Every structure is written in C-alpha cells, then in structure tokens.
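What follows is a short report on a single structure.
Where a number appears in this text, it was derived from the coordinates with a stated rule and is not lab data. These figures come from a predicted structure and were not determined experimentally. So basically every Cβ, Gly included, is an ideal-geometry build from the backbone, and we count neighbours across all protein chains shown.
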Amino acid sequence: MKTLKYSRQRESIKNCLMGRCDHPTADTLYMSIREEYPNISLGTVYRNLNLLVELGEIQKLTCGDGADHFDADTSPHYHFVCRSCGQVSDMPMETMEELNGIASQHCSGNIENHMIYFYGTCKDCLKKNSH
C-alpha cells in the first residue's frame, strides 16, 4: 500500500466532521470547510470524504434520501432518519450482534457486520406538525 501524502484540507475535513454529530452531507461539510479554505472545491471535499471512507476513518451513510451522509464515528451503531426533515442521528442503544448469527442462517456467505436505519418522524417535526 502506498503512503498517503498529508493534506491540510483532508485533515480539516476530518476534524470538521469529528466536531459534528448531525451526520452532514458533503455539501454541508463543503460550506463549513469553505470558512477556513475559501478556495477549496466541492470536488476536493467529495474526493477526500471518499478517501477517508476507503481508509476506514469515517463512514458513509446512504439513507435513501438521495444524498450520502458522513459519520466520524466508525464504531458499530444504529441511526434514525427523519422522513420529514431528513435529519440523521445516532440511536443511543446497544447493537444487536446476535443479528449476524441469525442472518447467517439465511445466507450462504459469511456475515461480518450489519447496518440498521430506523425511519420515522423526529421530535422537532412532530412538534411542528402538532400546531
């Protein structure tokens, strides 16, 4: 494996993501990073996010809303996606590792892990809709 050259922009993207818990899209991160690097391109942000995903330093979440979201927390955990506002948040619950064993009974391959998204309406959207 070749050595990856250090990049201030990549480090800034990763640090920006680590400082957030809202699971932003690349566009949202781009707007934040531009404050520090006004000349950075959206393509540079996308390339570096995908590189960080490949390196296992962050994870990409595809929640079905058309935009990938990114998470600096690479530990196994579940996510909640609001169908109303699109917000993606961590679920503060234990992961169910026994699901791998249950699923492997229905799979001819080898299951290594799983990712689960829960979909519904967040408390903020529920409040808005009740008025």
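Brief remarks follow.
- Annotation: of all residues in region 55-96 being free of Cβ contacts under 8 Å to residues at least 60 places away in the same chain, among the β-branched types (Val, Ile, Thr) and not in a loop (DSSP other than H, G, I, E, B), the one that is nearest to Gly120 (Cα to Cα) is Val81.
- Scanning region 110-131 for residues that are exposed (fewer than 11 other Cβ atoms within 10 Å of the Cβ) and under 23 Å from Gln59 (Cα atoms) yields Asn110, Glu112, Asn113.
- Of residues in region 91-109 being polar (S, T, N, Q) and surrounded by 12 or more Cβ atoms within 10 Å (Cβ to Cβ), the one nearest to Thr74 (Cα to Cα): Thr95
- Test: residue in region 26-38 that is basic (Lys, Arg) and not in a helix (DSSP H, G or I): no
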